[in-house]
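Notes for the one structure printed next.
Laboratory data are not the source of any read-out in this text; all were calculated from the coordinates shown. The model shown is predicted, which means the values in this text are computed figures rather than measured ones. Here the Cβ positions follow ideal geometry from the backbone for every residue, glycine too, while neighbour counts run over all protein chains shown.
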Amino acid sequence: MTAGASRRGPLVHRSARHGAALLVFGAVEFIVGMIVTQIGYPGYSLSRNVISDLGNTGCGYWGGSGSFTGDYACSPWHIVFNASIVIMGIALIGAVLLLRTAFPPRRTRTIGLALLGVAAIGSIGVGLSPENVNITVHSVSALLAFLGSGLALLTLGIAMFRDTRWDGFRTFTVVCGLVDLVALALFVSKTYLHLGAGGMERLIVAPVLLWAIVAGLHLLRIPTYAPSGLRAA
């Protein structure tokens, strides 16, 4: 066995590709859900309104953007947003279960995927408990989604070390996680850097969605295991 063989080769198990497909699907359908809901939201502002305003099942001052700007929240197409974020969470749980073989068998893999699962549960909680229905559950769920995903990317970035399947993506993964966590800290401290509450919250979410799409597409491009070929080798 050569020295280079100690690095995992550029192949993935078929289950990992299925997980990658779920990763891409979950992120894309959520982005589409947000855009569609924003179109139906009168006067929605990407900087003034937080993302959760899109899920309000009634109209009023609910503690979302109202906590930051005093804006009146009213989302006629809230069902689209709430359904899309729940679907994303479910897809992410499926991805977590299927992506194990896409990483070396290390403790960081287990921790990273578990944190991604926590983020998925948080996403589902956000959709099932809109801010005007139960602000406490909604806020805790959002924190789990934001913090869990950021920590997950940092940990998975470490898990990718010396894995040829992730060459060129380790730094990208870690940077996405860091941007998420820094933006979260700024958001919690109400330091919006001229982006507004909504803009800063999107800076928390955007790196994670971008990573899910890019990493998922990357895995989908890698050939699957070829058992007969491996035995012959």
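Evaluate the charge dipole of the chain about its Cα centre and quote only its size in Debye, nearest 20, assuming +1 on the Cβ of each Lys and Arg and -1 on the Cβ of each Asp and Glu.
1220
Can you tell which of GLY43, GLY89, GLY177 shows the greatest fluctuation in a Gaussian network model of the chain with Cα springs below 10 Å?
Result: GLY43 has the largest fluctuation of those listed.
Using square roots of five times the C-alpha gyration tensor eigenvalues, list the equivalent-ellipsoid semi-axes of the range 125-181 in whole Å, biggest first. The partial results should precede the final answer.
Details: eigenvalues 199, 16, 11 Å².
Working through the eigenvalues yields semi-axes of 32, 9, 7 Å.
Sort by residue number and name the cysteines in the chain that have no neighbouring cysteine Cβ under 4.7 Å.
Those would be CYS176, since no other cysteine Cβ in the chain comes under 4.7 Å of theirs.
Just report the Cα centroid separation between the range 84-139 and the range 188-227, whole Å.
14
Over the C-alpha atoms of the chain, what are the Rg and the largest Cα-to-Cα span, Dmax, in Å?
Cα only, the chain: 19.1, 68 Å (Rg, Dmax).
With each pseudo-label sitting 7 Å past Cα toward Cβ, what's the ARG106-LEU220 distance in nm, one decimal?
2.7
What are the residues whose amide H is under 5 Å from the amide H of VAL12, where those residues sit 5 or more places off or on another chain and H is modelled from the backbone?
Residues meeting the criterion, in which the H sits 1.01 Å from N, are THR224, TYR225.
State which helices in the chain qualify, where a helix is a whole DSSP H run, it must extend 18 Å or more along its own axis by its Cα atoms, and its mean Kyte-Doolittle hydropathy must be at least 1.6.
Correct list, ordered by number: 78-98, 135-159, 170-188.
Can you pull the one-decimal nm distance between simple spin-label points at VAL28 and LEU46, each 7 Å off the Cα toward Cβ?
Placing both labels 7 Å along Cα→Cβ, they lie 2.1 nm apart.
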